[in-house]
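Here is the structure we will look at.
The values are calculated or read from the model by the stated rules, or taken from the named source; none is laboratory data. Being a predicted model, the structure only gives us computed values, none of them experimental. When we count neighbours, we look across all protein chains shown, and the Cβ atoms used for this are built from the backbone with ideal geometry, even at glycine.
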Amino acid sequence: MGGITAYGAYVPRARLKRGAITATLGTGGGKGTRAVASYDEDTTSMAVEAGRSALRGRDLSVDQLYFATAAPAYLDKTNATAVHAGLALGEDVLAVDFAGAVRSGVGAVLAAAGGNASTLVALSDLRTGRPGGSDEATGGDAAAVLVLGPGTATAPVLAEVVTHASATAEFLDRWRQPGDATSRTWEERFGETEYVPLADAAFAAALKQADLTPEGVDHFIVVGVHPRAAKAFSARSGVRKEAFADDLTATVGNTGTAALGLVLADVLDRAGADQTIVAVVLADGATAVVLRTTAALPQHRAATPVAAQIASGDDSLSYATFLSWKGFLDREPPRRPDPVPPFAPPAARVTAWKYGFVASRCTECGTRWLPPVRVCDQCRAVDKMAPEPMADVTARIRTFSVDNLAYTPSPPLIGVVVDFDGGGRFSCALTDADATKVAVGDEVEMTFRRTITADGIHNYFWKARPVRAAATSGEEG
Amino acid sequence: MASKGIRDRVAIVGMGCTPFGEHFDKSGPDLLIDAATAASASANVPIADIDAYWLGTMGSGISGLMLSRALRLDNKPVTRLENMCATGSESLRNACYAVASGAYDVAMAIGVEKLKDSGFSGLAVGSPPGDGTGTDMSAPALFSLLGPAYSAKYGVDMDELKAAFTHIGWKNHYNGARNPRAQFRKEVPKEVISAAPIIAGQLGIFDCSGVSDGSAAAIVVRAEDAHKYTDNPLYVKGLSFIAGPGSGHAHQDYDFTTFPEIAAAAEDAYRQAGVTDPRAQIAMAEVHDCFTPTEMVIMEDLGFAERGTAWKEVLAGTFDLDGDLPVNPDGGLKAFGHPIGASGLRMMFECWLQLRGEAPEERRIKTVEQGKTLGLTHNLGGMPGDCVSFVSVVGTELG
């Protein structure tokens, strides 16, 4: 069995203070914050962002892509293909969904761990509930990517998957009909009595297979759809308290399908070499995975640590905006034409640009073109263009306008003209930004977003956003 | 290689222009009939004697049938054309070339747009099936990019620029208040303009042109035939049209303080017309004031003001109705709205009235009495960095 050769996470910028729910509704809410995907994000777009964090600066090939979520943007149509295109992976890379239930996440990880291919597993979820309820306050939106495989010279195994064990049972704790916006749950005590023995069994079996004792666990991750059961199981696990990993629910929330990857990424951001990590997932049964970090980990951490993403969150989101973004507050649109969805053939012609943000560069005179073109106006060459990947190139705002007239699901639209480092200009929307604080000269980076949904079609394209917390090189002692 | 022009070979001998505004009681064909019959009467040419037609409409109709059906034409050629906001001017340019070529003796250029039926705020034009990667910004946002860029380049305080924008809005409403065909016929105080709700960037609602319905038409003949129709023809001196390469949104050297396409069209039209000092020679200009910063920048691109000085000239009143070079004496897009296919011909209609001394007393410009004989019309379509532009020069004298 191989192990994790790369990992990365994505926590959206917006945070809802749980107290904002209480302040408005007089009920619900709680302490801390939860992460909120912006109006222009979904599980697909967040998976792309997490994948970019995992792959940036790495010399790593990917043979397969598994995309797991309980909130797929599409049914019937594969969502992994958009993630695949957003990460500009090769045509020969298999891309499939593991969609529907939270348990799909750990299933995808184990499926990847059991093979010899280099498999990028994207775990992504949007979690909310009816206003005032527990799911709304405790949920969180995020994505994480684990690349699993045998390891190579340039992409060695950072954490070996030592073993895993599962316990499965059929019982009714949490469910959602296709098409429903929120889930329903049975009362808490019943689930606790079902889950705890299953977690005990899986954990014990995994330890036995790995010839480990609870005291030997260095990092203990317990996540799942039933927080009370997770807490009860943790308390009786025998694992040292100081080994308990922060499950991030106080700051990010319970990210469902993504939680295993997100919390593991946070642990990998700081774990040392030769340490034992046990992750237990409680979701329609229980699974325990035993990992062992290697000496390669400190040199190959993710480009953007989870802690830095948590620290750079913006908790000014109002509860009304949260409800709008989640689709619970249907606001009056501008008196403008309805947004038009992309058409299939034109979109298919520009997949590398639209999804991968691959522009062109004139091979005759070196001029960079966004979007890619066939004719260069600098040297008049025709069809002398080479692909020019631009997704990771930063830019500066040359000029901008805060637009109160244009259609956007979350007005105002901030339009920017950005000049890229090394040449090239592009006009696009600025997202994750405060309209009152934008300035000419601001540094921006590109981010993959779901710009609109119209006629049941999601439109994915890139926007600029203010540069987030400085990415680290992954180097440390 | 360059354009040769048709200076003094074609004349406008009659024009018609409907009132612009909310014509909820009239269809596009109704407006075409009104403008066409007015132009026909103006030139004393029966519709049946017009040989060919150029119909400009952005999206209010399809094909020449829109006009031929409305006028019940007797198997005449009607070309329907579209070139963004220069659509009306393009119908005139092409009709002039057809007459200059000798192919027809009498041609009509006519434009129409019916915008109010959609119920939308601002312009709303359809696009071919797209790939979902296009710009999302509205027109006011795109044109609001001019102000901050101009401020930065020339070191002009944004408040002073905003005052210049306000002056342009005030001026055009002042002029429109004196024009019975205008959509908005009230003066608007500067303090109301500058305090209006923001649409995009620094642009308030009074910095933006309106949305209206309207139609206008011109009848063109060979210059040597002009006096068969009128004692006061308007001779076509220069016609230029530029479709830019769209490079302003691709290269970092474009700075959003100018429209290179306008400067190129102006240079071309001036060369055709023999204009060497536009600021001194031109009696009046009708320019594309879609947004107030646009008009300010246009003043520099047309050579009416030195680079970096248009804002001062605006505030000094140079382009006011009683200024040295009145701009948009009819009220412009600001007071007329912008029925796209009609606007260019509506501009020419003001040249037709002013240069021939037929403008009503209350908005008659002094420069014609002072002996200037040339008028200019200008359109741009698109956005800063990626646009089409039209410039014409017309005059009352040959030579």
(message) Just to verify a result, which residue in the stretch A:384-428, among those that are among the acidic types (Asp, Glu) and more than 14 Å from B:Gly201 (Cβ to Cβ), is nearest to the other protein chains (Cβ to nearest Cβ)?
(response) A:Asp419
(message) The conditions are (1) part of a loop (DSSP other than H, G, I, E, B); (2) touching a Ser or Thr at 6+ places or on another chain (Cβ under 6 Å), and B:Ala269 fails exactly one of them. Which is it?
(response) (1)
(message) What's the number of the only condition in (1) under 29 Å from A:Phe322 (Cβ atoms); (2) of a type in the set (Phe, Trp, Tyr); (3) surrounded by fewer than 22 Cβ atoms within 10 Å (Cβ to Cβ) that A:Phe420 fails to meet?
(response) (1)
(request) Report yes if B:Ala266 is surrounded by 24 or more Cβ atoms within 10 Å (Cβ to Cβ) and either within 17 Å of the chain's Cα centre (by Cα) or hydroxyl-bearing (Ser, Thr, Tyr) (or both), otherwise no. (result) yes
(message) Checking A:Ala433 against (1) hydrophobic (A, V, I, L, M, F, W, C); (2) out of contact with any Leu (no Cβ under 8 Å at 6 or more places or on another chain); (3) within 14 Å of another protein chain (Cβ to nearest Cβ), only one condition comes out false. Which one?
(response) (3)
(message) Among the residues of the stretch B:361-368, are any surrounded by fewer than 24 Cβ atoms within 10 Å (Cβ to Cβ) and within 14 Å of chain A (Cβ to nearest Cβ)?
(response) no
(request) Please enumerate the residues belonging to the stretch B:164-183 that are closer than 10 Å to B:Arg363 by Cβ and part of a helix (DSSP H, G or I). (result) B:Tyr174, B:Asn175, B:Gly176
(message) When the residues of the stretch A:66-75 are narrowed to those that are aliphatic (A, V, I, L, M) and within 20 Å of A:Thr255 (Cβ to Cβ), which ends up surrounded by the most Cβ atoms within 10 Å (Cβ to Cβ)?
(response) A:Ala68
(request) Tell me the helices (runs of 4 or more DSSP H) entirely within the stretch A:72-154 that contain at least 1 residues that are modelled with pLDDT of 95 or more and farther than 24 Å from A:Met390 by Cα. (result) A:103-113, A:134-138
(message) Among the residues of the stretch B:199-212, what is the count of those that are outside any strand (DSSP E or B), within 14 Å of chain A (Cβ to nearest Cβ), among the hydrophobic types (A, V, I, L, M, F, W, C) and within 20 Å of A:Val402 (Cα to Cα)?
(response) 1
(message) Please determine whether any residue of the stretch B:213-236 is in a loop (DSSP other than H, G, I, E, B), more than 22 Å from B:Leu333 (Cα to Cα) and within 14 Å of chain A (Cβ to nearest Cβ).
(response) no
(request) Inspect all residues belonging to the stretch B:221-241 and state whether any of them is within 30 Å of B:Thr309 (Cα to Cα) and either small (Gly, Ala, Ser) or surrounded by fewer than 21 Cβ atoms within 10 Å (Cβ to Cβ) (or both). (result) yes
(request) Could you tell me which residue of the stretch B:3-17 is modelled with the lowest pLDDT, considering only residues that are of a type in the set (Lys, Arg) and farther than 13 Å from B:Val393 by Cβ? (result) B:Lys4
(request) May I ask you to say which residue of B:Gly341, B:Gly375 is closer than 22 Å to B:Cys85 by Cβ, at pLDDT 95 or above, in contact with a Ser or Thr (Cβ under 6 Å, 6 or more places away or on another chain) and outside any loop (DSSP other than H, G, I, E, B)? (result) B:Gly341
(message) Filter the stretch A:436-450 down to the residues that are hydrophobic (A, V, I, L, M, F, W, C) and either more than 11 Å from chain B (Cβ to nearest Cβ) or buried (at least 16 other Cβ atoms within 10 Å of the Cβ) (or both) and list them by number.
(response) A:Val438, A:Val444, A:Met446, A:Phe448
(message) Criterion first (of a type in the set (D, E, K, R), over 19 Å from the mean Cα position of the chain (by Cα) and within 26 Å of B:Gly126 (Cα to Cα)) does B:Asp30 satisfy it?
(response) yes
(request) For A:Ala433, state whether it is buried (at least 20 other Cβ atoms within 10 Å of the Cβ), at pLDDT 95 or above and in a loop (DSSP other than H, G, I, E, B). (result) yes
(message) Please count how many residues of the stretch A:399-414 are over 25 Å from the mean Cα position of the chain (by Cα) and of a type outside the set (A, V, I, L, M).
(response) 7
(message) Going by what's in this entry, would A:Ala347 be described as closer than 30 Å to A:Gly90 by Cα and crowded, with 21+ Cβ neighbours inside 10 Å?
(response) yes
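Yes or no, residue by residue, for (1) closer than 30 Å to A:Pro156 by Cβ; (2) surrounded by fewer than 21 Cβ atoms within 10 Å (Cβ to Cβ):
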residue	(1), (2)
A:Ala85	yes, yes
A:Val93	yes, yes
A:Gly100	no, yes
A:Val106	yes, no
A:Ala112	yes, no
A:Leu123	yes, no
A:Pro131	no, yes
A:Ser134	no, yes
A:Gly140	no, no
(message) Need the failing condition index for B:Gly246 against (1) in contact (Cβ under 8 Å) with a residue 24 or more places away in the chain; (2) closer than 29 Å to B:Gly337 by Cβ; (3) surrounded by 16 or more Cβ atoms within 10 Å (Cβ to Cβ), just the number.
(response) (3)
(request) Kindly list the number of the only condition in (1) within 13 Å of A:Val121 (Cβ to Cβ); (2) crowded, with 22+ Cβ neighbours inside 10 Å that fails for A:Asn79. (result) (1)
(request) Considering only the stretch B:120-163, state which residues are within 7 Å of chain A (Cβ to nearest Cβ), farther than 17 Å from B:Phe206 by Cβ and in a loop (DSSP other than H, G, I, E, B). (result) B:Phe120, B:Ala124, B:Pro129, B:Gly130, B:Asp131, B:Gly132, B:Thr133, B:Thr135, B:Asp136, B:Met137, B:Leu145
(request) Among the helices (runs of 4 or more DSSP H) lying completely within the stretch B:1-117, list those that include at least 2 residues that are in contact (Cβ under 8 Å) with a residue 12 or more places away in the chain and surrounded by fewer than 17 Cβ atoms within 10 Å (Cβ to Cβ). (result) B:28-43, B:65-71
(message) Six or more apart or on different chains, Cβ atoms under 6 Å: show the pairs whose first residue is in the stretch A:359-383 and within 13 Å of another protein chain (Cβ to nearest Cβ) and whose second is surrounded by 18 or more Cβ atoms within 10 Å (Cβ to Cβ) and of a type in the set (Ser, Thr, Tyr).
(response) A:Trp369/A:Ser360; A:Pro372/A:Ser360; A:Cys376/A:Thr367; A:Gln378/A:Thr367
(request) Identify the residue in the stretch B:297-348 that is touching an Asp or Glu at 6+ places or on another chain (Cβ under 6 Å) and of a type in the set (D, E, K, R) and, among all such residues, is surrounded by the most Cβ atoms within 10 Å (Cβ to Cβ). (result) B:Lys334
(request) Test each condition in (1) assigned to a loop (DSSP other than H, G, I, E, B); (2) crowded, with 20+ Cβ neighbours inside 10 Å; (3) within 14 Å of another protein chain (Cβ to nearest Cβ) for A:Pro339 and report the one that comes out false. (result) (2)
(message) So in the stretch A:327-336, with the set limited to residues that are over 21 Å from B:Lys116 (Cα atoms) and touching a residue at least 40 places away in the same chain (Cβ under 8 Å), which one is nearest to the other protein chains (Cβ to nearest Cβ)?
(response) A:Gly327
